[in-house]
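K.L.:
So that we are looking at the same thing, I have put the structure below in structure tokens.
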Amino acid sequence: MSVPSKLKLSKQEIQNELWRRGELKWLLDEGEKILYNLFYESQHKKQVWVLGRRSGKTYTLVTLALEQCIRQPNSIVKIV
């Protein structure tokens, strides 16, 4: 069964669509995806992450902030 050519998307087209939707988890490595999932699966309003250097804290938080800004324009994101 062949797939019609109009349904075939390039990697770049897929990435562009994910950016448009604000779904950026694909940018993270495996360790950062654990933090990402922890953020969304937690029932707590506030979280404190105590992690070592180079564990992906900043990159993960920036990814979460970008998602928020894309999904809800004019959002104010504060990282403390």
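K.L.:
Provide a single number: the residues in region 36-57 that are open to solvent by less than 80 Å² (accessible area, probe 1.4 Å) and more than 27 Å from Q12 (Cβ to Cβ). Steps first, please.
P.N.:
Initial filter on region 36-57 (open to solvent by less than 80 Å² (accessible area, probe 1.4 Å)): 36-37, 42, 47, 49, 51-52, 55-57.
Checking which are more than 27 Å from Q12 (Cβ to Cβ) leaves us with 42, 47, 49, 51-52, 55, 57.
Number satisfying all stated conditions: 7.
K.L.:
Considering only residues that are assigned to a helix (DSSP H, G or I), within 25 Å of R54 (Cα to Cα) and of a type in the set (A, V, I, L, M), which ones fall in region 17-32?
P.N.:
Answer for region 17-32, where residues must be assigned to a helix (DSSP H, G or I), within 25 Å of R54 (Cα to Cα) and of a type in the set (A, V, I, L, M): just L27.
K.L.:
Among the residues of region 58-79, count how many are open to solvent by 50 Å² or more (accessible area, probe 1.4 Å) and under 11 Å from G22 (Cβ atoms). Give the steps one after another, and end with the answer.
P.N.:
Step one: filter region 58-79 for residues open to solvent by 50 Å² or more (accessible area, probe 1.4 Å), giving 58-59, 61-62, 66, 68-74, 76-79.
Checking which are under 11 Å from G22 (Cβ atoms) leaves us with 66, 68-73.
Final tally of qualifying residues: 7.
K.L.:
Being of a type outside the set (G, A, S), open to solvent by less than 60 Å² (accessible area, probe 1.4 Å) and free of Cβ contacts under 8 Å to residues at least 60 places away in the same chain, is that true of even one residue in region 20-27?
P.N.:
Among the residues of region 20-27, at least one is of a type outside the set (G, A, S), open to solvent by less than 60 Å² (accessible area, probe 1.4 Å) and free of Cβ contacts under 8 Å to residues at least 60 places away in the same chain, which makes the answer yes.
The values are calculated or read from the model by the stated rules, or taken from the named source; none is laboratory data. In this text the structure is predicted, and so the values were computed from the model without any measurement. Virtual Cβ from ideal backbone geometry, glycine too; neighbours counted across all protein chains shown. Ligands, DNA and RNA are stripped out before the accessible areas are found, and what is left, the full protein with its side chains, is counted by its heavy atoms. Shrake-Rupley method; radii C 1.70, N 1.55, O 1.52, S 1.80 Å.
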